[in-house]
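Okay, so here's the structure we're looking at.
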Amino acid sequence: MPLIVTGSIGIDTIHAPTGTAERVLGGSAAYFAAAASFHAPVRLVAAAGGDWPDAHRQVLEGLSNVALDGLEIRSASQTFAWGGRYFDNMNQRETLFTELGVLDEEGPAIPATFRDSEFVFLANTHPVEQTRLLGEFPNRRLAVADTMDLWINIAHTELLGLLEQVDGVVLNDEEAEQLTEESNAVTAGRRILEMGPTFAIIKKGEHGCILVHRDGLATLPAFPAESHQVVDPTGAGDSFAGGMMGHLAATGVSDFESIQSALAWGTITASFAIESFSLDRLTRLTRQEIDERMTSFRVAARVG
Ligand code: AMP
(Lines give C-alpha, C1' and ligand atoms only; values in the text may rest on other atoms or scores of the structure.)
Protein backbone atom coordinates (compact mmCIF):
# COMPACT_ATOMS: atom_id res chain seq x y z
CA MET A 1 0.00 0.00 0.00
CA PRO A 2 1.45 3.42 -0.90
CA LEU A 3 3.03 5.14 2.11
CA ILE A 4 3.65 8.88 2.19
CA VAL A 5 5.47 11.07 4.68
CA THR A 6 5.42 14.82 5.00
CA GLY A 7 7.46 16.72 7.57
CA SER A 8 10.74 18.55 7.99
CA ILE A 9 14.09 18.35 6.25
CA GLY A 10 16.55 19.72 8.79
CA ILE A 11 20.08 20.96 9.11
CA ASP A 12 20.89 19.66 12.58
CA THR A 13 23.61 20.63 15.03
CA ILE A 14 23.90 18.06 17.78
CA HIS A 15 25.86 18.15 21.03
CA ALA A 16 26.02 14.80 22.80
CA PRO A 17 28.36 13.22 25.34
CA THR A 18 29.70 11.20 22.38
CA GLY A 19 30.67 14.30 20.37
CA THR A 20 29.34 17.15 18.28
CA ALA A 21 27.91 17.09 14.77
CA GLU A 22 27.57 20.45 12.99
CA ARG A 23 24.99 21.12 10.30
CA VAL A 24 24.32 17.49 9.43
CA LEU A 25 21.29 16.10 7.59
CA GLY A 26 18.26 15.64 9.81
CA GLY A 27 14.58 16.40 9.88
CA SER A 28 11.55 14.36 10.79
CA ALA A 29 10.67 13.39 7.21
CA ALA A 30 14.26 12.50 6.31
CA TYR A 31 14.65 10.09 9.24
CA PHE A 32 11.18 8.63 8.71
CA ALA A 33 11.72 8.02 4.99
CA ALA A 34 15.09 6.36 5.47
CA ALA A 35 13.74 4.10 8.22
CA ALA A 36 10.49 3.18 6.46
CA SER A 37 12.28 2.40 3.21
CA PHE A 38 13.52 -0.92 4.64
CA HIS A 39 9.94 -2.07 4.97
CA ALA A 40 7.98 -0.48 2.09
CA PRO A 41 8.38 2.05 -0.73
CA VAL A 42 8.05 5.60 0.64
CA ARG A 43 6.93 8.86 -0.95
CA LEU A 44 8.50 11.97 0.55
CA VAL A 45 6.98 15.46 0.51
CA ALA A 46 9.08 18.19 2.13
CA ALA A 47 10.78 21.50 1.39
CA ALA A 48 14.36 22.70 1.84
CA GLY A 49 15.97 26.06 1.14
CA GLY A 50 18.72 27.32 -1.13
CA ASP A 51 21.25 26.75 1.66
CA TRP A 52 20.57 23.00 1.70
CA PRO A 53 23.93 21.28 1.10
CA ASP A 54 24.24 19.12 -2.04
CA ALA A 55 25.73 16.41 0.14
CA HIS A 56 22.46 16.21 2.09
CA ARG A 57 20.42 15.93 -1.09
CA GLN A 58 22.71 13.16 -2.30
CA VAL A 59 22.04 11.15 0.87
CA LEU A 60 18.30 11.20 0.19
CA GLU A 61 18.86 10.45 -3.50
CA GLY A 62 20.86 7.40 -2.45
CA LEU A 63 17.90 5.85 -0.60
CA SER A 64 16.71 3.17 -3.00
CA ASN A 65 13.07 2.86 -1.91
CA VAL A 66 12.23 6.58 -1.52
CA ALA A 67 10.44 8.61 -4.24
CA LEU A 68 11.59 12.23 -4.08
CA ASP A 69 9.10 13.80 -6.53
CA GLY A 70 7.64 15.78 -3.64
CA LEU A 71 10.97 17.30 -2.54
CA GLU A 72 10.86 21.05 -3.14
CA ILE A 73 14.01 23.19 -3.12
CA ARG A 74 13.27 26.91 -2.64
CA SER A 75 16.36 28.84 -3.63
CA ALA A 76 15.31 32.08 -1.90
CA SER A 77 14.45 30.38 1.43
CA GLN A 78 16.34 28.94 4.38
CA THR A 79 16.22 25.27 5.31
CA PHE A 80 14.73 24.41 8.71
CA ALA A 81 17.63 24.29 11.18
CA TRP A 82 17.60 22.76 14.63
CA GLY A 83 20.12 22.40 17.44
CA GLY A 84 19.89 19.99 20.35
CA ARG A 85 21.99 18.98 23.34
CA TYR A 86 21.81 15.61 25.10
CA PHE A 87 22.49 15.21 28.77
CA ASP A 88 24.77 12.53 30.19
CA ASN A 89 22.17 9.75 30.26
CA MET A 90 21.17 10.41 26.61
CA ASN A 91 17.51 10.12 27.62
CA GLN A 92 16.97 13.84 28.01
CA ARG A 93 17.68 16.60 25.57
CA GLU A 94 17.17 20.30 25.30
CA THR A 95 16.51 22.26 22.15
CA LEU A 96 19.22 24.90 21.68
CA PHE A 97 17.68 26.68 18.70
CA THR A 98 14.96 26.29 16.08
CA GLU A 99 15.11 28.31 12.87
CA LEU A 100 11.86 27.55 11.08
CA GLY A 101 12.87 28.79 7.61
CA VAL A 102 10.69 27.00 5.05
CA LEU A 103 8.51 25.52 7.83
CA ASP A 104 7.17 29.04 8.32
CA GLU A 105 6.11 29.29 4.67
CA GLU A 106 3.35 27.67 2.66
CA GLY A 107 3.85 23.92 2.56
CA PRO A 108 5.12 21.90 -0.39
CA ALA A 109 2.79 20.79 -3.18
CA ILE A 110 1.70 17.15 -3.37
CA PRO A 111 2.60 15.61 -6.73
CA ALA A 112 -0.50 14.28 -8.54
CA THR A 113 1.06 10.79 -8.58
CA PHE A 114 1.17 10.81 -4.74
CA ARG A 115 -2.51 11.63 -4.18
CA ASP A 116 -3.57 7.98 -4.08
CA SER A 117 -1.47 7.38 -0.93
CA GLU A 118 -3.30 5.18 1.58
CA PHE A 119 -0.90 5.17 4.52
CA VAL A 120 -0.10 8.72 5.58
CA PHE A 121 2.44 9.83 8.16
CA LEU A 122 2.42 13.46 9.22
CA ALA A 123 5.89 13.82 10.69
CA ASN A 124 6.80 16.81 12.81
CA THR A 125 5.96 20.13 11.25
CA HIS A 126 3.45 22.90 11.93
CA PRO A 127 0.00 21.40 12.78
CA VAL A 128 -1.69 23.75 10.30
CA GLU A 129 0.50 22.30 7.60
CA GLN A 130 -0.14 18.74 8.84
CA THR A 131 -3.89 19.40 8.67
CA ARG A 132 -3.68 20.87 5.17
CA LEU A 133 -1.67 17.91 3.92
CA LEU A 134 -4.06 15.42 5.47
CA GLY A 135 -6.85 16.82 3.30
CA GLU A 136 -4.84 16.01 0.16
CA PHE A 137 -5.24 12.24 0.44
CA PRO A 138 -8.86 11.23 -0.27
CA ASN A 139 -7.98 7.49 -0.32
CA ARG A 140 -6.25 7.44 3.03
CA ARG A 141 -6.82 4.34 5.14
CA LEU A 142 -4.51 5.18 8.02
CA ALA A 143 -3.30 8.65 8.99
CA VAL A 144 -0.89 9.01 11.89
CA ALA A 145 0.67 12.22 13.21
CA ASP A 146 3.71 13.06 15.31
CA THR A 147 4.19 16.29 17.19
CA MET A 148 6.62 17.86 19.64
CA ASP A 149 7.04 20.43 22.39
CA LEU A 150 7.36 23.47 20.11
CA TRP A 151 4.01 22.83 18.38
CA ILE A 152 2.24 21.89 21.63
CA ASN A 153 3.38 25.29 22.95
CA ILE A 154 2.84 27.61 20.01
CA ALA A 155 0.03 25.91 18.03
CA HIS A 156 -2.03 24.14 20.68
CA THR A 157 -5.47 24.87 19.23
CA GLU A 158 -4.38 23.92 15.72
CA LEU A 159 -2.90 20.70 17.09
CA LEU A 160 -6.19 19.80 18.78
CA GLY A 161 -7.93 20.36 15.42
CA LEU A 162 -5.50 17.95 13.78
CA LEU A 163 -5.99 15.28 16.46
CA GLU A 164 -9.72 15.24 15.72
CA GLN A 165 -8.92 14.07 12.19
CA VAL A 166 -6.12 11.51 12.48
CA ASP A 167 -6.37 7.82 13.34
CA GLY A 168 -3.26 7.70 15.46
CA VAL A 169 -0.65 9.80 17.15
CA VAL A 170 2.95 8.99 18.09
CA LEU A 171 4.71 11.06 20.71
CA ASN A 172 7.12 10.70 23.61
CA ASP A 173 6.17 10.62 27.27
CA GLU A 174 7.21 14.22 27.96
CA GLU A 175 5.16 15.47 25.01
CA ALA A 176 2.18 13.35 26.08
CA GLU A 177 2.37 14.90 29.55
CA GLN A 178 2.69 18.38 28.08
CA LEU A 179 -0.38 17.78 25.91
CA THR A 180 -2.60 16.16 28.55
CA GLU A 181 -1.13 17.27 31.90
CA GLU A 182 -1.08 13.57 32.88
CA SER A 183 2.29 12.14 33.93
CA ASN A 184 1.17 8.50 33.70
CA ALA A 185 1.65 7.35 30.09
CA VAL A 186 -1.43 5.09 29.98
CA THR A 187 -3.67 7.77 31.44
CA ALA A 188 -2.16 10.34 29.08
CA GLY A 189 -2.87 7.95 26.19
CA ARG A 190 -6.49 7.63 27.25
CA ARG A 191 -6.82 11.41 27.40
CA ILE A 192 -5.43 11.64 23.87
CA LEU A 193 -8.06 9.16 22.62
CA GLU A 194 -10.71 11.51 24.03
CA MET A 195 -9.26 14.17 21.69
CA GLY A 196 -10.10 12.06 18.63
CA PRO A 197 -7.52 9.43 17.59
CA THR A 198 -8.20 5.68 17.69
CA PHE A 199 -4.77 5.04 19.15
CA ALA A 200 -1.82 6.77 20.76
CA ILE A 201 1.70 5.39 20.90
CA ILE A 202 3.73 6.84 23.74
CA LYS A 203 7.48 6.33 23.53
CA LYS A 204 9.51 6.18 26.70
CA GLY A 205 13.06 6.20 25.32
CA GLU A 206 15.13 3.31 26.64
CA HIS A 207 12.06 2.11 28.57
CA GLY A 208 10.14 1.14 25.44
CA CYS A 209 6.69 2.20 24.38
CA ILE A 210 3.00 1.85 25.17
CA LEU A 211 0.13 1.52 22.71
CA VAL A 212 -3.19 2.81 23.99
CA HIS A 213 -5.85 1.76 21.48
CA ARG A 214 -9.64 1.76 21.60
CA ASP A 215 -9.38 -2.05 21.20
CA GLY A 216 -6.69 -2.72 23.79
CA LEU A 217 -3.46 -1.87 25.51
CA ALA A 218 0.03 -3.11 24.56
CA THR A 219 3.53 -2.56 25.85
CA LEU A 220 6.96 -3.31 24.45
CA PRO A 221 10.47 -2.85 25.86
CA ALA A 222 13.14 -1.02 23.90
CA PHE A 223 15.92 -3.01 22.26
CA PRO A 224 18.51 -3.40 25.03
CA ALA A 225 21.37 -1.37 23.54
CA GLU A 226 24.77 -1.16 25.24
CA SER A 227 26.18 2.27 25.99
CA HIS A 228 28.69 2.17 23.10
CA GLN A 229 25.76 1.61 20.70
CA VAL A 230 24.05 4.88 21.63
CA VAL A 231 25.85 7.65 19.75
CA ASP A 232 23.04 10.12 18.93
CA PRO A 233 19.36 9.56 19.80
CA THR A 234 18.24 12.25 17.32
CA GLY A 235 15.68 10.84 14.94
CA ALA A 236 14.89 7.82 17.13
CA GLY A 237 11.24 8.85 17.26
CA ASP A 238 10.97 9.41 13.52
CA SER A 239 12.81 6.16 12.77
CA PHE A 240 10.52 4.30 15.15
CA ALA A 241 7.54 5.73 13.31
CA GLY A 242 9.15 4.87 9.97
CA GLY A 243 9.71 1.23 10.90
CA MET A 244 6.21 0.95 12.33
CA MET A 245 4.35 2.64 9.45
CA GLY A 246 6.55 0.89 6.88
CA HIS A 247 5.56 -2.47 8.33
CA LEU A 248 1.86 -1.53 8.38
CA ALA A 249 1.99 -0.29 4.78
CA ALA A 250 3.76 -3.50 3.71
CA THR A 251 1.09 -5.70 5.32
CA GLY A 252 -1.82 -3.41 4.44
CA VAL A 253 -3.53 -4.01 7.77
CA SER A 254 -3.90 -1.55 10.65
CA ASP A 255 -5.97 -3.16 13.40
CA PHE A 256 -4.84 -3.35 17.03
CA GLU A 257 -2.86 -6.60 16.62
CA SER A 258 -1.08 -5.32 13.49
CA ILE A 259 -0.09 -2.10 15.21
CA GLN A 260 1.16 -4.10 18.20
CA SER A 261 3.39 -6.19 15.88
CA ALA A 262 4.50 -3.05 14.06
CA LEU A 263 5.78 -1.55 17.34
CA ALA A 264 8.58 -4.12 17.35
CA TRP A 265 9.66 -3.24 13.79
CA GLY A 266 9.70 0.43 14.77
CA THR A 267 11.75 -0.34 17.87
CA ILE A 268 14.34 -2.35 15.96
CA THR A 269 14.66 0.16 13.12
CA ALA A 270 15.13 3.01 15.62
CA SER A 271 17.76 1.03 17.52
CA PHE A 272 20.02 1.31 14.46
CA ALA A 273 19.34 5.02 13.84
CA ILE A 274 20.84 5.97 17.20
CA GLU A 275 24.14 4.19 16.48
CA SER A 276 25.50 7.20 14.57
CA PHE A 277 25.00 10.90 14.05
CA SER A 278 22.56 11.98 11.37
CA LEU A 279 21.30 9.28 8.97
CA ASP A 280 24.73 7.64 8.70
CA ARG A 281 23.80 4.28 10.19
CA LEU A 282 20.47 4.11 8.33
CA THR A 283 22.22 4.68 5.00
CA ARG A 284 24.55 1.72 5.70
CA LEU A 285 21.84 -0.55 7.10
CA THR A 286 20.56 -3.70 5.40
CA ARG A 287 17.24 -5.47 5.74
CA GLN A 288 19.16 -8.56 6.81
CA GLU A 289 20.60 -6.70 9.82
CA ILE A 290 17.09 -5.60 10.79
CA ASP A 291 15.79 -9.17 10.54
CA GLU A 292 18.68 -10.57 12.58
CA ARG A 293 18.21 -8.02 15.35
CA MET A 294 14.48 -8.71 15.34
CA THR A 295 15.22 -12.39 15.93
CA SER A 296 17.36 -11.63 18.97
CA PHE A 297 14.80 -9.08 20.22
CA ARG A 298 12.05 -11.72 20.08
CA VAL A 299 14.17 -13.99 22.25
CA ALA A 300 15.10 -11.18 24.69
CA ALA A 301 11.53 -9.87 25.05
CA ARG A 302 9.75 -13.24 25.40
CA VAL A 303 7.07 -13.28 28.07
CA GLY A 304 5.68 -16.30 29.92
P1 AMP B 1 13.28 13.06 17.02
O2 AMP B 1 14.62 12.89 17.65
O3 AMP B 1 12.76 11.80 16.41
O4 AMP B 1 12.29 13.70 17.93
O5 AMP B 1 13.43 14.07 15.79
C6 AMP B 1 14.55 14.87 15.60
C7 AMP B 1 14.46 15.55 14.25
O8 AMP B 1 13.32 16.41 14.21
C9 AMP B 1 15.68 16.42 14.00
O10 AMP B 1 16.40 15.88 12.92
C11 AMP B 1 15.15 17.83 13.71
O12 AMP B 1 15.66 18.38 12.52
C13 AMP B 1 13.64 17.64 13.61
N14 AMP B 1 12.90 18.66 14.38
C15 AMP B 1 13.23 19.22 15.57
N16 AMP B 1 12.29 20.10 15.97
C17 AMP B 1 11.33 20.10 15.01
C18 AMP B 1 10.10 20.80 14.83
N19 AMP B 1 9.66 21.68 15.75
N20 AMP B 1 9.37 20.54 13.72
C21 AMP B 1 9.80 19.66 12.80
N22 AMP B 1 10.95 18.96 12.91
C23 AMP B 1 11.71 19.16 13.99
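The values are calculated or read from the model by the stated rules, or taken from the named source; none is laboratory data. This is a predicted model, so every value here is computed, not measured. Note that we place each Cβ from the backbone using ideal geometry, even for glycine, and neighbour counts take in every protein chain shown. The area values use the complete protein model at the heavy-atom level, side chains included, leaving out ligands, DNA and RNA. Shrake-Rupley method; radii C 1.70, N 1.55, O 1.52, S 1.80 Å.
Which whole-Hz couplings ³J(HN,Hα) result when phi for each residue of region 276-285 is put into the Karplus expression 6.51 cos²θ - 1.76 cosθ + 1.60, θ = phi - 60°, listed in order with x for Gly and Pro?
8, 6, 6, 8, 4, 5, 5, 6, 9, 6
Suppose all protein chains stay in the model; what accessible area per residue would a 1.4 Å probe give for region 1-126, in Å²?
39
Name all residues of region 120-137 having a backbone nitrogen under 14 Å from the label point set 7 Å from the Cα of L150 along its Cα→Cβ direction, giving them as ranges.
Residues passing the 14 Å test: 123-130.
Taking every eigenvalue of the Cα gyration tensor of region 1-133, multiplying by 5 and rooting it, what semi-axes result, largest first, whole Å?
Taking √(5λ) for each eigenvalue gives 25, 17, 14 Å, largest first.
Could you state how much accessible area R190 has, in square angstrom rounded to the nearest 10, with a 1.4 Å probe and all protein chains kept in place?
Estimated to the nearest 10 Å², R190 gives 120 Å².
Of the heavy-atom accessible surface of the chain (probe 1.4 angstrom), what whole percent is carbon and sulfur?
For the chain, the apolar C and S fraction of the accessible surface comes to 47 percent.
Using θ = phi - 60° and the Karplus form 6.51 cos²θ - 1.76 cosθ + 1.60, what ³J(HN,Hα) does each residue of region 207-221 get, whole Hz, x for Gly and Pro?
Listing the rounded values in order: 9, x, 8, 10, 10, 10, 10, 4, 9, x, 10, 9, 9, 8, x Hz.
Using alpha-carbon pairs under 8 Å, 6+ residues apart, how would you state the relative contact order of region 136-239 in percent?
Value for region 136-239: 19 percent.
For the peptides 253-263, 239-249, what is the packing order when you average, over each peptide's residues, the other Cβ atoms within 10 Å and list the highest mean first?
Highest to lowest by the protection proxy: 239-249, 253-263.
What FRET efficiency comes out for N139 versus N65 if R0 is 25 angstrom and r is the Cβ-Cβ distance? Round to the nearest 0.05.
0.75
Short version: what are the Cα gyration tensor semi-axes of region 3-300, square root of 5 times each eigenvalue, largest first, in whole Å?
24, 23, 20
How large is the helix-only mean residue ellipticity at 222 nm for the chain, computed as the sum of -39500 (n - 2.57) over DSSP H runs with n ≥ 4, divided by its residue count, in deg cm²/dmol to the nearest 500?
-10500 deg cm²/dmol
Mind checking the full-extension length gain between H207 and E289? Use 0.36 nm per residue of separation minus the Cα-Cα distance, one decimal, nm.
Stretched out fully, the H207 to E289 stretch lengthens by 27.3 nm.
Need one number: nm distance between label points at E106 and Q92, each 7 Å from Cα along Cα→Cβ, rounded to one decimal.
Distance between label points: 4.3 nm.
Gain in length, D116 to E181, computed as 0.36 nm per residue apart minus the alpha-carbon separation, to one decimal in nm?
19.7 nm
Relative contact order for region 182-304 using alpha-carbon pairs under 8 Å, separation at least 6, rounded to a whole percent?
It comes to 20 percent, rounded to a whole number.
Could you do me a favour and compute the accessible area per residue for region 255-304, 1.4 Å probe, result in Å²?
Per residue, region 255-304 has an accessible area of 47 Å².
So if I take the centroid of the Cα atoms in region 194-252 and the same for region 75-103, what is the distance between those two points in Å?
22
Run the numbers on region 3-300 and let me know its relative contact order in percent, using alpha-carbon pairs under 8 Å that are six or more apart.
Answer for region 3-300 is 18 percent.
Give the Rg/Rh ratio for region 184-255, taking Rg as the radius of gyration of the Cα atoms and Rh as the Kirkwood radius, to two decimals.
Over the Cα atoms of region 184-255, Rg/Rh equals 1.00.
Please compute the modelled spin-label separation between D215 and T20, points set 7 Å along Cα→Cβ, answer in nm with one decimal.
Calculated label separation equals 5.0 nm.
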